[in-house]
Amino acid sequence: VELVESGGGVVQVGASLRLSCTASAGTLSRYAMAWFRQAPGTERKIVASINWNGGGRTYAEFAKGRFTISRDNAKNTMYLQMNSLKPEDTADYYCAAGRSWGDYGIWGQGTQVTVSS
C-alpha cells in the first residue's frame, strides 16, 4: 500500500480544511489508519485514529471537538476534517496505516498546513 495525502494549504485562523489520504496502490479497507502531525522542531504526534471499518475512532485532546476523522473504503480514502483552525495547528500532516490499531508501518509523504493569524 502506498499513501498519498492532499488538501493542505495556507488558511487563516478559524478556517476549515479537509485533508485526504488515498492509497495509490493497494487497498485500505483492512487497515487501521491514523493522522499524525509534526510542527518544526517538534516530535510527530498522533492527531486521530480510526479502525478498519470506521466504527472506532480516537482523538488527541487538542483535536477533540474540532477535527473529525473518517474513511470511505469504497473510495480507498481517509479524511481529516479540521475546523476552527488555530496557528498552533500549523504542521506537516501525515497519514499512516497498519494491520492493527496503534501499530502503523505505512506512511505517506505528508501535506503542509499553515494557519496564519
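Some values worked out for this structure:
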read-out	value
Projected label distance in nm at R66 and E2, using a 7 Å step from Cα toward the beta-carbon	3.4 nm
Under 5 Å, built H, 5+ apart or other chain: amide partners of L85	G14, A15
Per residue, in Å², the accessible surface of the chain once ligands and nucleic acids are set aside, probe 1.4 Å	51 Å²
Percent accessible area from carbon and sulfur atoms, segment 1-62, protein chains only, probe 1.4 Å	49 percent
Convex hull of Cα atoms in the chain, direction-averaged projection (nm²)	6.5 nm²
Backbone HN-Hα couplings from phi across segment 81-95 [Karplus 6.51/-1.76/1.60, Hz, Gly and Pro as x]	8, 10, 10, 6, 5, 10, x, 6, 7, 4, 4, 8, 10, 10, 9
Separation in nanometres of the label points that stand 7 Å from Cα toward Cβ, at K75 and T58	2.6 nm
Label point distance in nm, E88-V10, each placed 7 Å from Cα along Cα→Cβ	2.4 nm
Percent RCO, i.e. relative contact order, over the chain, from Cα pairs under 8 Å lying at least 6 residues apart	36 percent
J(HN,Hα) series, segment 8-24, from Karplus relation 6.51 cos²θ - 1.76 cosθ + 1.60, nearest Hz, glycine and proline x	x, x, 10, 9, 8, 3, x, 7, 10, 9, 10, 8, 10, 10, 10, 7, 7
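The values are calculated or read from the model by the stated rules, or taken from the named source; none is laboratory data. A quick note: this is a predicted structure, and the numbers were derived from the prediction, not measured. Cβ coordinates were reconstructed from backbone atoms using ideal geometry, including for glycine residues, and neighbour counts include every protein chain displayed. To get the accessible areas, we keep the full protein, side chains included, count just its heavy atoms, and leave off ligands, DNA and RNA. Shrake-Rupley method; radii C 1.70, N 1.55, O 1.52, S 1.80 Å.
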